[in-house]
Amino acid sequence: MQTLNITKPDDLHLHLRDGAALASIVNHTAAQFTRAIIMPNLRPPVLTTAMALEYKQQILDCVDEQYSFEPLMTLYLTDNTSAEEINTAAKSDFVKALKYYPAGATTNSDQGVTDIRKPTVALEAMMETGLPLLVHGEVTDNSVDVFDREAVFIDKVLTPLVKDFPDLKIVFEHITTRAAVDFVLSANANIVATITPQHILLNRNDLFKGGLRPHNYCLPILKAEDDRLAVQEAATSGNAKFFLGTDSAPHERKNKETGCGCAGIFSAHIALELYAEAFDAIGKLDKLEAFASHYGADFYGLAHNEGQITLIKEAFEIPETIAFGDSVLVPFRAGETSSWQLKK
Ligand code: NCD
Ligand code: ZN
């Protein structure tokens, strides 16, 4: 049986929600990852360091005592985020970044940034203190085709942003296109990207295979095969600019299987297994450890985790549903098999 030992990994992009939902899902991540960058798109959003501290404690209260798990917190950037708030965040040892949602781009982004030229004082303070900006890179203009929103964002928003704030550390989150890969490769060392399992494993045909597939709907939306190939190549290239961020984003089943379903794929139950399968499929398992356990930590200035985990190439069945608050969610690969599994 094939096995793979790697340094304990980190998930550099994760949605945990709050309340009962949080309690029901956080241990799927804690079982796999030592640390995770926690997204702030709650209702209301996590706007201040004080709110992030409270949220961090809420998360820790739900983590099973068999796990040691460290939530790395983020704040939600708005048009009005002050330099003072940035300085407070930078002085804390638990706020690691600011998240930039273009207003209206995705789940709980309505209080996001309406124009990236508005929070200039915050961006300047971030440059000075070294706090990274995590970017949801899609324009929201309804005249732009949904499949083109990332590429247009690069031209209209990201390129000018990098020019105006050359020392700003930027994580281009959940990249999905060849254009994004090329942009990150051609940019300076401050610009890196996270990659999800779904954007390596699926293309947009998977949204329509035999019928409409709401559980494969996430934002940024799945792209064409050529884009998938570019993202797969970047993730498995051994380039430290690309690292693991699942974007696992749980939604209750009834909010996915409905006339206007939410965006988000829940993958936390088999995150590492999915990446292992994707890397294995093209003979790049030797590149998994650095992608999952080194490059992200290095970018955030964190020590590598101590200890190892073991992945085994042995198929197992994924349940049809997973508990979520007082309801259920439909996880990635529901009712199918995973070809790798994490040794418990
Ligand atoms: C995320 C969510 O549900 O919070 N959804 C998603 O499709 N990825 C928000 C986000 O990261 O865009
Ligand atoms: Zn996300």
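When the residues of the range 300-328 are filtered to those that are small (Gly, Ala, Ser) and exposed (fewer than 13 other Cβ atoms within 10 Å of the Cβ), which remaining residue is nearest to residue 33 (Cα to Cα)?
Initially, the range 300-328 is screened for residues small (Gly, Ala, Ser), giving 301, 303, 307, 315, 323, 325, 327.
Filter again for exposed (fewer than 13 other Cβ atoms within 10 Å of the Cβ), leaving 301, 303, 307, 315.
On the way: 301: 17, 303: 14, 307: 11, 315: 21 Å.
Applying the filter and picking the extreme gives 307.
Any idea how many residues of the range 178-205 are open to solvent by less than 20 Å² (accessible area, probe 1.4 Å) and in a helix (DSSP H, G or I)?
Counting residues in the range 178-205 that are open to solvent by less than 20 Å² (accessible area, probe 1.4 Å) and in a helix (DSSP H, G or I) gives 7.
What number of residues in the range 117-138 are open to solvent by less than 20 Å² (accessible area, probe 1.4 Å) and over 14 Å from the mean Cα position of the chain (by Cα)?
Of the range 117-138, the ones open to solvent by less than 20 Å² (accessible area, probe 1.4 Å) are 119, 122-123, 125-126, 131-138.
Filter once more, so that each one left must be over 14 Å from the mean Cα position of the chain (by Cα): 119, 122-123, 125-126, 131-132, 138.
Residues in the range 117-138 being open to solvent by less than 20 Å² (accessible area, probe 1.4 Å) and over 14 Å from the mean Cα position of the chain (by Cα): 8 in total.
Out of all the residues in the range 38-54, is one or more of a type in the set (D, E, K, R), buried (at least 21 other Cβ atoms within 10 Å of the Cβ) and either under 26 Å from residue 309 (Cβ atoms) or at pLDDT 95 or above (or both)? Give the steps one after another, and end with the answer.
Step one: of the range 38-54, the residues of a type in the set (D, E, K, R) are 43, 54.
Those left that are additionally buried (at least 21 other Cβ atoms within 10 Å of the Cβ): none.
No, because not a single residue in the range 38-54 is of a type in the set (D, E, K, R), buried (at least 21 other Cβ atoms within 10 Å of the Cβ) and either under 26 Å from residue 309 (Cβ atoms) or at pLDDT 95 or above (or both).
Name the residues in the range 242-264 that are buried (at least 24 other Cβ atoms within 10 Å of the Cβ) and farther than 19 Å from residue 99 by Cα, would you? Steps first, please.
Residues of the range 242-264 buried (at least 24 other Cβ atoms within 10 Å of the Cβ): 242-251.
Correct list: 251 only.
Please note which strands (runs of 3 or more DSSP E) are completely contained in the range 1-114 and include at least 3 residues that are away from ligand 1 (no atom under 15 Å from the Cβ). Spell out the reasoning first.
Details: elements: 3-7, 10-14, 35-38, 70-76, 95-100.
Filter on the range 1-114 gives 3-7, 70-76.
Which numbered condition in (1) more than 16 Å from residue 149 (Cα to Cα); (2) in contact (Cβ under 8 Å) with a residue 60 or more places away in the chain; (3) not in a helix (DSSP H, G or I) is the only one that residue 220 fails?
(1)
Please enumerate the residues belonging to the range 152-177 that are open to solvent by 50 Å² or more (accessible area, probe 1.4 Å), charged (D, E, K, R) and assigned to a loop (DSSP other than H, G, I, E, B).
Selection gives 167, 169.
The values are calculated or read from the model by the stated rules, or taken from the named source; none is laboratory data. The structure displayed is predicted, hence computed values, not measured ones. When we count neighbours, we look across all protein chains shown, and the Cβ atoms used for this are built from the backbone with ideal geometry, even at glycine. The area values use the complete protein model at the heavy-atom level, side chains included, leaving out ligands, DNA and RNA. Shrake-Rupley method; radii C 1.70, N 1.55, O 1.52, S 1.80 Å.
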